[in-house]
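Participant: The following block contains the structure, expressed as structure tokens.
Every read-out reported here was derived from the displayed coordinates using simple, explicitly stated rules and does not represent laboratory data. Fair warning: this is a prediction, and the values are worked out from it, not measured in the lab. No Cβ is skipped: glycine too gets one built from the backbone with ideal geometry, and neighbour counts run over all protein chains shown.
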Amino acid sequence: MTAHGLFTAHVPGTSLLHRMALWAKLAGVLLVGATPWLARSVWPLAFVSVGLAALVALARLPVRLLARSLRGLLPLLLVLLAFQWWSTGLAYAVRVVLGIANAFVAAGILTATTPVTDLLDGAARAARPLRRLVDPEVVALTLGVVVRSVPWVAGSFSDVRESARARGLDRNPRAVVVPTVVHVVAFARSTGEALAARGLVDPGDEGGGATDADR
Amino acid sequence: MGEDTPAASVRLAGATVEVPLDDSPGRDRTRTILGPVDLSLDQRRISVIGANGSGKSTLLRLLNGLVAPTSGTVTVDGLDTVRQGARVRRRVAFAFTDPLSQLVMPTGREDVELSLRRRHRSRGERRRAAQEVLERFGVDHLADQSVYDLSGGERQLMALAVVLATDPALLVLDEPTTLLDRRNTRLLRELLHSLPQSVVVATHDLDLALTAERTLVVDAGRVVFDGAPVEAVACYTALVDES
């Protein structure tokens, strides 16, 4: 399985972004995600794109990681652009696509400049007021697994597409989508099993694991 | 070899695992995939051999409660794997064939820290403890690389560091050498030999199986041989030749 990009791993560094508080980075990601709703034209979004490119440079993140991340997303963006152009118009389609690309890059900068363990600590802290309803550690773990799964799914899609191409089936969406879904389900299952085997989803001191329902 | 540490004590009493047959209406018809198995495992090094689909993995999964017995009981150091599953999993670490499915964080260091989250709440303590674990297993130089960029052997070593970070009493490994070349297989064998933990390993690598003190042969969901590794391998080879 191959998977590379901004989401693959934390890129150690000492830049301003690396040192910035987690809440500030999260607020930035949310703001970038909200710009498509706030902007009335394509220009503010293009301005955000330039700003994000500057942040990638400021954090000294390898440009090839950014390119790889976007290359994985490109087919989806193109389909979306075509559909929105056809259904609503070019200006709106460009706004939607730029908005998604910006949010994707902003989230990638966050994960590349923040160790996942810091993200987990932040999520566990944020979920602490809800501890009567849900174990904060499970919330943190869920976030960690999501971060880890994004590059895996992208890598799986890329591998399946290569296999389909080798068989001359790359123009057949079924030959790409069905195996990808099968891979993702198998991955989810094996990840769940690995987490259970390590006791990471076990509650407290007693119980957990196999239940009577399994019997 | 950590001879001072007492070996983990595993008991299987009439343990049977059944799965529903998909084509049965209401799924009330079942197929027995393992058992009944009655075993006491007290040795430090135990190997399990058998053909694909024979029930080796199911037997191993019973040991840390990943699979619950349909009937019978499984206990580890007196703890029931169903009723006291969480405590059992703290004593029993499980390593899968594919280390990539085991490593759930982007880097090895983050994964080791994840293992230590419940033990060390303070971030600083957790980082120090993770560094110690990584150094102990000789993988600290790989700790900050993406798990995707590690070789198969490096990933397997990292996965072992991750599951052993919490100092379990028993390590269960499901075909750990299947994806490794000869060199990495040798390295893994040496590492397993040096561990203070009790080890139960299911494997197709008969050389690895021969390093155990006791070997089980599993065939069609039954333990058909239980004894010395050399005789167990002869039994398994005869089974394969017969089929």
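Participant: Taking only DSSP H segments of four or more residues, each worth -39500 (n - 2.57), what value at 222 nm results for chain B once the sum is divided by all its residues, to the nearest 500 deg cm²/dmol?
Facilitator: Working: 9 runs with 85 residues, N = 243.
Result for chain B, helices only: -10000 deg cm²/dmol.
Participant: Please turn the phi angles of the stretch B:202-207 into ³J(HN,Hα) values with the Karplus equation 6.51 cos²θ - 1.76 cosθ + 1.60 (θ = phi - 60°), one per residue in order, whole Hz, x for glycine and proline.
Facilitator: Per residue, the Karplus-derived 3J(HN,Hα) values read 8, 7, 9, 7, 5, 5 Hz.
Participant: Within a 10 angstrom radius of each residue's Cβ in A:117-126, how many Cβ atoms of other chains show up on average? Whole number is fine.
Facilitator: Working: counts 14, 2, 1, 5, 5, 0, 0, 2, 0, 0.
Per residue, the number of nearby Cβ atoms from other chains is 3 on average.
Participant: If you count, for every residue in B:63-73, the Cβ atoms of partner chains within 10 Å of its Cβ, what is the mean?
Facilitator: Numbers: counts 0, 6, 8, 7, 3, 7, 3, 2, 1, 0, 0.
What the average comes to for B:63-73 is 3.
Participant: Starting with the fewest neighbours, write out A:THR117, B:THR32 ranked by other beta-carbon atoms found within 10 Å of each beta-carbon. Show your work: numbers first, answer last.
Facilitator: Values: A:THR117 25, B:THR32 16.
Ascending number of Cβ neighbours within 10 Å: B:THR32, A:THR117.
Participant: Sticking with this structure for a sec: When ranked by the protection proxy of mean other Cβ atoms within 10 Å per residue, highest first, what sequence do the peptides B:171-177, A:71-77, B:185-191 form?
Facilitator: Numbers: B:171-177: 24.3, A:71-77: 15.0, B:185-191: 16.9.
Ranked from most to least packed, the peptides come out as B:171-177, B:185-191, A:71-77.
Participant: Taking each residue in B:76-82, count the Cβ atoms of any other chain within 10 Å of its Cβ, then average. What number comes out? Show your work: numbers first, answer last.
Facilitator: On the way: counts 0, 0, 0, 0, 0, 2, 7.
That works out to 1 on average.
Participant: Also: Dividing the convex hull volume of the alpha carbon atoms of the protein assembly as shown by its residue count, what do you get in Å³ per residue?
Facilitator: Hull volume over Cα atoms, normalised by residue count, gives 186 Å³.
Participant: Please state the shape class of chain A: rounded when a/c is under 1.5, otherwise prolate if a/b exceeds b/c and oblate if not, all from the C-alpha gyration tensor. Don't jump to the answer; show the numbers that get you there.
Facilitator: Working: a/c = 1.84, a/b = 1.21, b/c = 1.52.
Because a/c hits 1.5 or more and a/b fails to exceed b/c, chain A counts as oblate.
Participant: In debye, nearest 20, what is the charge dipole magnitude of chain B about its Cα centre with +1 on Lys and Arg Cβ and -1 on Asp and Glu Cβ, if you could check? Don't skip to the answer; put the middle values down first.
Facilitator: Details: 30 positive and 34 negative charges, 203 e Å.
The dipole magnitude comes to about 980 debye.
Participant: Does the stretch A:130-202 classify as rounded, prolate or oblate by the C-alpha gyration tensor (a ≥ b ≥ c root eigenvalues; a/c under 1.5 gives rounded; else a/b over b/c gives prolate, otherwise oblate)?
Facilitator: Numbers: a/c = 3.67, a/b = 2.97, b/c = 1.24.
Here the stretch A:130-202 falls in the prolate category.
Participant: So, by mean Cβ neighbours within 10 angstrom, what's the order for A:166-176, A:86-96 with the highest one leading?
Facilitator: Details: A:166-176: 12.2, A:86-96: 14.5.
Per-residue mean Cβ counts within 10 Å order the peptides as A:86-96, A:166-176.
Participant: What ³J(HN,Hα) values, in whole Hz, does the Karplus curve 6.51 cos²θ - 1.76 cosθ + 1.60 give for the stretch B:41-56 when θ = phi - 60°, with x put for Gly and Pro?
Facilitator: 10, 10, 7, 7, 10, 10, 10, 10, 10, x, 5, 4, x, 7, x, 4
Participant: Going by a ≥ b ≥ c, the root eigenvalues of the Cα gyration tensor, does the stretch A:1-114 fall in the rounded group (a/c under 1.5), the prolate group (a/b larger than b/c) or the oblate group? Write out the running numbers ahead of the final one.
Facilitator: Working: a/c = 2.51, a/b = 1.51, b/c = 1.67.
Note, shape of the stretch A:1-114 comes out oblate.
Participant: Now a separate question. Averaging sequence separations of C-alpha pairs under 8 Å and six or more residues apart, then dividing by the length of the stretch A:27-162, give the relative contact order as a whole percent. Intermediate results must be reported in sequence, preceding the final value.
Facilitator: Working: 92 pairs, mean separation 34.3, N = 136.
For the stretch A:27-162, the relative contact order is 25 percent.
Participant: Now for a separate question. List the residues, sorted by chain then number, that are 5 or more residues from B:VAL67 or on another chain and whose placed amide H is less than 5 Å from its amide H.
Facilitator: B:LEU62
Participant: Considering only B:PRO106, B:PRO20, B:PRO69, give the residue with the highest GNM mean-square fluctuation for chain B, with springs between Cα atoms whenever their separation is below 10 Å.
Facilitator: Its mean-square fluctuation being the largest, the pick is B:PRO20.
Participant: Measure nothing fancy, just the Cα-based angle from helix B:123-136's long axis to the longest principal axis of chain B, in degrees from 0 to 90, nearest 10.
Facilitator: 70
Participant: 5 Å is the cut-off here: which amide hydrogens, built 1.01 Å from N in the peptide plane, fall below it relative to B:ALA95, excluding neighbours closer than 5 in sequence?
Facilitator: Answer set, sorted by chain and number: B:VAL172, B:LEU173, B:ASP174.
Participant: Using the Karplus curve 6.51 cos²θ - 1.76 cosθ + 1.60 with θ = phi - 60°, what ³J(HN,Hα) values do you get for each residue of the stretch A:35-40, in whole Hz, with x for Gly and Pro?
Facilitator: So the Karplus estimates, Gly and Pro as x, are 4, x, 7, 7, 7, 9 Hz.
Participant: Now for a separate question. Taking H as built 1.01 Å from N, whose amide H comes closer than 5 Å to the amide H of B:PHE225, not counting residues under 5 places away?
Facilitator: Long-range HN contacts for B:PHE225: B:VAL217.
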